[in-house]
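Written out below as structure tokens is the structure these notes cover.
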Ligand code: PEP
């Protein structure tokens with residue numbers, strides 16, 4: 001079977017001030033013995049400071065979004081090149097909060113993935129169904145459509161990470177059953193294999209949605225789960241490290 005390194009990514013969302021570097025340093029200092037890759041995605045304002053803070057450690061820093069263009073008249077936006085320049089190595093794209101709050105559809109997400117590659121970043125592309133779609137039995141179809149439409153043709157095992165995040169599980173304390181997670185991750189792997197052949201076996205698929213220290217071990221042991229995208233529990237070094245240790 002293809003070797004896929006476990007990735008535990010923290011999405012800080014719109015949380016964190018300069019004083020939050022205490023938590024960041026706690027994570028970096030607690031990584032001994034953790035085999036997984038660890039990534040923290042703070043708000044843009046903290047990126048450069050965090051990147052210099054973790055220099056020389058194994059902790060990686062990423063952004064939470066980028067604009068498709070390299071530069072130009074896009075007030076308030078940030079490009080992949082700017083994230084890279086600030087010290088980011090990865091970027092979360094198509095998070096459900098971006099899709100909802102900023103009306104991002106699959107075509108925009110696809111353009112942002114290409115921008116991430118252009119800028120030298122690893123994109124982490126989020127997909128996932130709403131509760132209505134889940135209840136209607138449409139979760140596999142929704143996720144299949146999102147993966148087909150938001151991933152460009154040049155995807156490889158080395159340049160793409162996907163995160164399955166059922167929207168109803170984000171920040172709610174609810175998680176799908178292990179069987180449901182395995183089903184969707186298997187669906188994603190299948191959709192990737194149809195398009196990218198053997199390369200699909202190396203593409204990491206993270207699970208996200210209310211991952212906590214007490215459910216991390218079982219979720220991370222599920223078939224085709226290659227790591228986690230963690231929101232709330234990534235804000236505390238002890239919780240984030242406990243999740244990483246469960247991998
Ligand atoms: C997220 O929004 O990426 C997420 C997984 O959040 P939480 O862990 O808080 O549910």
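Quick note: the coordinates plus some simple rules give every number you see, no bench work behind them. Everything quoted here is computed from the prediction, not taken from an experiment. Backbone-built Cβ (ideal geometry, glycine too); neighbour counts: all protein chains shown.
The distance separating the Cα centre of the range 55-127 from that of the range 19-51 comes to 18 Å.
Let me know the shape class of the range 1-42, please: from the alpha-carbon gyration tensor, a ≥ b ≥ c as square roots of the eigenvalues, rounded when a/c is under 1.5, otherwise prolate if a/b is greater than b/c, or oblate. Display every interim value, and only then the final one.
Values: a/c = 5.97, a/b = 1.75, b/c = 3.40.
Oblate, since a/c reaches 1.5 and b/c is not below a/b.
Approximating the spin labels as points 7 Å out from Cα along Cα→Cβ, the residue 52-to-residue 141 distance works out to 5.3 nm.
Principal axis analysis of the Cα atoms in the chain yields extents of 44, 44, 34 Å, listed in decreasing size.
With r as the distance between the Cβ atoms of residue 223 and residue 3 and R0 = 25 Å, compute the FRET efficiency 1/(1 + (r/R0)^6) and round to 0.05. Efficiency, rounded to the nearest 0.05: 0.95.
Note on residue 71 and residue 44: their simple-model spin labels are 1.5 nm apart, each label 7 Å out from Cα toward Cβ. Comparing 226, 85, 65 in a Gaussian network model of the chain, where Cα atoms under 10 Å apart are tied by springs, the biggest mean-square fluctuation is seen for 85. Taking square-rooted eigenvalues a ≥ b ≥ c of the alpha carbon gyration tensor, is the range 1-120 rounded, prolate or oblate, where a/c under 1.5 means rounded and, failing that, a/b exceeding b/c means prolate? It comes out prolate by the Cα gyration axes.
Among 88-98, 230-240, 176-186, the peptide with the highest mean count of other Cβ atoms within 10 Å heads the list, and the full ranking is 88-98, 230-240, 176-186. The label-point distance for residue 153 and residue 32, in a model that sets each label 7 Å from Cα toward Cβ, rounds to 5.1 nm.
Binning the alpha carbon pair distances of the range 131-247 at 5 angstrom intervals from zero yields the distribution 2, 12, 22, 23, 18, 14, 8, 1, expressed in whole percent.
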